[in-house]
1. Would you work out which of LEU86, GLN162, LEU220 lies farthest towards the positive end of the dipole of the chain? Charges go on Cβ: Lys and Arg +1, Asp and Glu -1.
2. Calculate the dipole size of the stretch 70-120 relative to its Cα centre from +1 charges on Lys and Arg beta carbons and -1 charges on Asp and Glu beta carbons; express the result in debye to the nearest 20.
3. Among ALA64, ALA203, ALA144, which one shows the highest mean-square fluctuation when the chain is modelled as a Gaussian network with alpha-carbon springs under 10 Å?
4. Dipole size in debye (nearest 20) for the chain around its Cα centre, Lys and Arg Cβ +1, Asp and Glu Cβ -1?
5. Report relative contact order for the stretch 127-204 in percent, whole number only (criteria: Cα-Cα under 8 Å, sequence separation at least 6).
6. Taking trypsin sites (Lys or Arg not before Pro) that fall in a DSSP loop and have at most 10 other Cβ atoms within 10 Å as cut points, what is the longest piece of the chain between them?
7. Consider a paramagnetic label point 7 Å from the Cα of TYR196 along Cα→Cβ; state which residues of the stretch 109-129 have an amide N under 17 Å from it.
8. In whole Å, what are the Cα extents of the stretch 39-115 along the three principal axes, biggest one first?
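Throughout, read-outs are computed from the coordinates displayed, never taken from laboratory work. Treat the numbers as computed from the prediction; the structure is a model and nothing was measured. Because the Cβ atoms are built from the backbone with ideal geometry, glycine has one as well, and the counts that use them run over all protein chains shown.
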Amino acid sequence: MKNKKNILKIWVVCAAVILGTAGCGKDFDAAGYVQALLDLTFQGEISGAAGFMEDASEETLMRAYQDSIDRFVAANITSGMDIGELKTSRFAELTSKIFLTMRYGVGEAKKTGKREYEVEVDIWPADVFVNFQDMLTEDSLKMAEKIEAGEYEGETEEETGQMILSDIINHAYELLDTAYMDIQYGDKETVTLRVYAERGGDASIDEDDMDRLFRQILRLDES
C-alpha cells in the first residue's frame, strides 16, 4: 500500500503541475483555483484550468488530463501488466466515466498568511473501487480453481499463460464496469486543502492534502 500511495502522490502532483502558473495577485481566487484543479482532475473540464494558466493550450490541458488517467489505470488497475493498447484504452475510458461521477463541493477560501489560504472541500466518498477489489478477489479464487482443474490448456505454457491473462483482464473490466454501474456514496466528509500563491505568479496546492482528498473520495486506502 505504501508504494501505491507514492504512485498516487506522483499522479496528483502531475495533475497539479499544469495549474502551477496562475495569476496570483493580491486578489488571487484560491477557491476558484481549487475548483479548477478538481474539475480538471475528475471531470476533464479544461475551461477553468485555462483561466488560471493562460499560456497552456486546450490541447496541452487535455493531454495532461488523459495522461493522469493513464497513470491511474497503470497504478491501480492493470498494475504494470502488458495488456495492449486497446484494452488499456478501454480501462482508461471507463475510469474517466467513474471519475465523472465523483461528488465534491468547494467552499470559500480562508486566508491564513500573506500568500497562504485554506479551502475546505466537501466530498462524498464513492465505493466503486472498494467493491471492485472485493469482486476481483472473489473472482481470482474462482480462477485459481479453474487453473487447478486444468481448464486452461494451451499448446505451450506461454499460450496457456496468455489464455489465463486474457481471462483475468476481461473479467477485471467486467467487474469494474459492474462496480461503476452500482456505485454508492458515503456520508459527507470535509478535506482542507492548503493553497500557496507565490510571488511571480506561481500557485500550488499542498500535495499531501490533495493526495488525501483523492484517496478519500475514491476510498483507495480501503481497497
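1. It is LEU220, whose Cα lies furthest towards the positive end.
2. Roughly 180 debye, rounded to the nearest 20.
3. ALA144
4. Its charge dipole is roughly 1140 debye.
5. 42 percent
6. 115-223
7. 111-119, by backbone N distance to the label point.
8. 49, 26, 21
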